[in-house]
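Right, one structure below, let's go through it.
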Amino acid sequence: MQLVEQYIRLCAGRPTEEIGRPLDISLAEVAAILFCTLRNATLTLKKMQSQGWVVWQPGRGRGNRSVITCMLEPADLVLTVAKELVQKGEIRSAREMIDQYRSDLQALDENFSRWMNSQFGPRVMREKGNRGRVDTLRLFYNRPFAGLDPIHIVLRSESHMVKHLFDCLVRFDPVTRTIEPAIAFYWEASEEGKQWTFYLRKGVLFHHGRQLVAEDVRFSLLRLMEHSYKHRWLAASIVSIMVKDDHVLTICLHERDELFLQALSKDYMAIVPQDYVQQMGDQFAQMPVGTGPFRVVRNDDSMLVLEVFTPYFGGRPFLDRIEIWCVPGMAVEAQADETLLSVTALDYQRDTSDPAWSDVVRLEDCFQYVSLNGAKDGPLSHRAFRRLLASMISGRALRQDLQGARERAVIWGGADSFHEKEEVPDSRELARIFEACGYQGEALLLYTYPDPDHVEDAEWILNSCKEYGIAIEIRYASPEELALPSLLREADLVVDSANVDERAELSLREFLYAGALSISHHLDPLGKEEIEHLMSQMASVQTSQDRQPYVDSIMHTLASYSTFVPLYSNRVEMIAHPRLSGVSLDAYGWIDFRRIFVRE
């Protein structure tokens, strides 16, 4: 803000004077300090006085000096204005102001972070009228939620928000590991398993007020099939979708698929309103409308605000409002003894002498990995070279060196195929492999995100390979860029995360087939053919227990082709405010907002 800058300039212009002490000064001197005209200097001083920043007593008559008293230390003023901006919801502007002055004003950044921490956690307000008590949960995250269109989301954080805004035809219960009704209350399949008929609930409302009909379901599924290269794999078995009336539709498949219902429960398959999507176009991702328990009322680069959708057919959540403030770097700066509940992993230690706070800890089912591009011409097209790289990139060594929240990953049942690799060959054998595969020291391209953990992983891989004479060039890309098939095909290596939850076999299908993940683009032709055959066989088997041998065979095949190297899973640690109940972490390490409530 220009007025803040002018006040700081005014204080800096008289460096030996104390704050709060009257000072004789002429209007001309003020104008010189502020680099403006006498008229603008007068207007500026009046504005500052109206804000209570200065006391200005203009001199009366020619030659009489004026008196000015600066009432606030510059750091206190900047902090006060930043707080006011935050209270108005202008969080990005407040953060930019703090960043602008943090190097010149001592302790400003620390004081702002401490105050910001105090703003998070549960809030209970009493409002007049019908609303009465309003329970709000205020959280922080390090980036805006720019894209919340189910068919285009990439990040697990986006998927988590979509889960609260939309519903699918059916839902998967992670506790019982069974499919339950959602928008469809009943379904039946033909004897050969190729034709599924779904009966939809009546009276299901979208957030914009219209009732859901079967045509919305057909539109949503076709939209994913036609416009989402990222998640088209979910609907690969669908041949046609026929609407019989407003509440009944039939989906026909190419062949029997025992994972079809699980696929319909994925957030990417959420049902959207045809009229609103067509009306909003690209803006739908910013202000989406679904049938879920919460609806979006604000979404910009400062915050995402969700409000409870009272008519929700699945039962009203306990919370009334969720505010997620976008505060880059907040997770690093936060102090654990403040009232907050972060939606990101917290690495710091809190005061364990306070038993009222509760720790929520879980090892993610998801895991970090590096994939090796066997489909690209060059040394990595040779299985021996990929096996050599895999032996250099040991998940165990990486975890020991980098530590933090990294723990050994359990990969689809912990198949023996991915226990730690063999030792790196000696120098003579290295030279032989290099020559046989045509490797002449050229740099291999490694792509990943610029997030701190990915950066550490990538640099560790670079140094580990360099030790054995293999050059790595690291290139950082945004999540949206790293989801592009063209970039994934260009990469020699990719450090990424696999989305894994209690739907284990479906998660494996996503890992292998999702267009936004590297494995589908990095498998060499022979490996892809073997995997395709095993996946097709697995899809026809009815029980998870009977599908496990196919999972083990697929993992053995991936290991034998040295397609990827699992690195670790993250240990997610969260601290919950004493007044919050119902806090738990899902397989992605996120909290379910539908179950949280605030105690008095």
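The values are calculated or read from the model by the stated rules, or taken from the named source; none is laboratory data. All of these numbers come straight from a predicted model, not from anything done at the bench. Every residue, glycine as well, gets a Cβ built from its backbone with ideal geometry; the counts of neighbours run over all protein chains shown.
Restricting to the stretch 409-432, count the residues that are within 16 Å of residue 370 (Cβ to Cβ) and modelled with pLDDT of 90 or more. Residues that pass the stated criteria total 0.
Does the stretch 450-476 hold any residues that are crowded, with 17+ Cβ neighbours inside 10 Å and under 17 Å from the mean Cα position of the chain (by Cα), and which are they? Answer for the stretch 450-476, where residues must be crowded, with 17+ Cβ neighbours inside 10 Å and under 17 Å from the mean Cα position of the chain (by Cα): 453, 454.
Close Cβ contacts (under 8 Å, 6 or more residues apart or on different chains) running from residues in the stretch 534-550 that are farther than 11 Å from residue 505 by Cα to residues that are part of a helix (DSSP H, G or I) and among the aliphatic types (A, V, I, L, M) comprise 534/554. Could you count how many residues in the stretch 188-206 are surrounded by 12 or more Cβ atoms within 10 Å (Cβ to Cβ) and either in contact (Cβ under 8 Å) with a residue 60 or more places away in the chain or small (Gly, Ala, Ser) (or both)? Adding up the residues that qualify gives 9.
The helices (runs of 4 or more DSSP H) found wholly in the stretch 443-504 and carrying at least 1 residues that are farther than 18 Å from residue 394 by Cα and touching a residue at least 12 places away in the same chain (Cβ under 8 Å) occupy 479-482, 485-490.
Take the stretch 106-143 and flag every residue that is part of a strand (DSSP E or B) and under 28 Å from the mean Cα position of the chain (by Cα). Correct list: 121, 122, 123, 124, 134, 135, 136, 137, 138, 139, 140, 141. Scan the stretch 576-600 for residues that are part of a loop (DSSP other than H, G, I, E, B), closer than 16 Å to residue 123 by Cβ and without any contact (Cβ under 8 Å) to a residue 60 or more places away in the chain and report the count. Number satisfying all stated conditions: 1. Flag not set for residue 599, criterion: over 30 Å from residue 292 (Cβ atoms) and either basic (Lys, Arg) or within 19 Å of the chain's Cα centre (by Cα) (or both).
For the stretch 519-528, indicate whether the set of residues that are over 21 Å from residue 411 (Cβ atoms) and not in a strand (DSSP E or B) is non-empty.
Among the residues of the stretch 519-528, at least one is over 21 Å from residue 411 (Cβ atoms) and not in a strand (DSSP E or B), which makes the answer yes.
One residue alone among 89, 59 is farther than 21 Å from residue 143 by Cα, among the small types (Gly, Ala, Ser), in contact (Cβ under 8 Å) with a residue 24 or more places away in the chain and not in a helix (DSSP H, G or I), and that residue is 59. Going through (1) touching a strand residue (DSSP E or B) at 6+ places or on another chain (Cβ under 9 Å); (2) at pLDDT below 85; (3) surrounded by fewer than 20 Cβ atoms within 10 Å (Cβ to Cβ) one by one, residue 136 falls short only on (2).
Restricting attention to the stretch 505-527, and to residues there that are under 17 Å from residue 382 (Cα atoms) and over 22 Å from the mean Cα position of the chain (by Cα), which single residue is surrounded by the fewest Cβ atoms within 10 Å (Cβ to Cβ)? It comes out as 525. Inside the stretch 1-39, residues that are among the polar types (S, T, N, Q) and closer than 17 Å to residue 77 by Cβ make up a count of 2. Among the residues of the stretch 558-587, those that are modelled with pLDDT under 80, within 17 Å of residue 140 (Cα to Cα) and touching an Asp or Glu at 6+ places or on another chain (Cβ under 9 Å) comprise 572, 573, 574, 575, 576, 585. Using beta carbons and a limit of 7 Å, which pairs, at least six apart or on different chains, have the first residue in the stretch 232-245 and within 14 Å of residue 219 (Cα to Cα) and assigned by TED's automatic domain parsing to the domain that holds residue 271 and the second one in a helix (DSSP H, G or I) and of a type in the set (Asp, Glu)? Close Cβ pairs satisfying both conditions: 243/215. Considered as a group, the residues in the stretch 139-151 that are surrounded by 22 or more Cβ atoms within 10 Å (Cβ to Cβ) and at pLDDT below 95 include one that is farthest from residue 213 (Cα to Cα), and that residue is 140.
Kindly check whether there is at least one residue in the stretch 150-161 that is over 30 Å from residue 85 (Cα atoms), in a strand (DSSP E or B) and either out of contact with any helix residue (DSSP H, G or I) (no Cβ under 8 Å at 6 or more places or on another chain) or not assigned by TED's automatic domain parsing to the domain that holds residue 258 (or both). The answer is no; no qualifying residue exists.
I'd like the full set of residues that are of a type outside the set (Lys, Arg), outside any loop (DSSP other than H, G, I, E, B) and either buried (at least 16 other Cβ atoms within 10 Å of the Cβ) or free of Cβ contacts under 8 Å to residues at least 40 places away in the same chain (or both), limited to the stretch 361-380.
Result: 363, 367, 368, 369, 370, 371, 372, 379, 380.
Taken as a whole, the condition of being out of contact with any Gly (no Cβ under 8 Å at 6 or more places or on another chain), acidic (Asp, Glu), surrounded by 22 or more Cβ atoms within 10 Å (Cβ to Cβ) and outside the structural domain of residue 254 (by TED's automatic domain parsing) does not apply to residue 530.
Can you name the residue in the stretch 171-222 that is basic (Lys, Arg) and within 18 Å of residue 237 (Cβ to Cβ) and, of all such residues, is modelled with the lowest pLDDT?
Restricting to residues being basic (Lys, Arg) and within 18 Å of residue 237 (Cβ to Cβ), the top hit is 194.
Among the residues that make up the stretch 173-180, is at least one of them crowded, with 16+ Cβ neighbours inside 10 Å and either in a loop (DSSP other than H, G, I, E, B) or out of contact with any strand residue (DSSP E or B) (no Cβ under 6 Å at 6 or more places or on another chain) (or both)? Among the residues of the stretch 173-180, not one is crowded, with 16+ Cβ neighbours inside 10 Å and either in a loop (DSSP other than H, G, I, E, B) or out of contact with any strand residue (DSSP E or B) (no Cβ under 6 Å at 6 or more places or on another chain) (or both), which makes the answer no. Among the criteria (1) touching a residue at least 12 places away in the same chain (Cβ under 8 Å); (2) assigned to a loop (DSSP other than H, G, I, E, B), the one residue 103 does not fulfil is (1).
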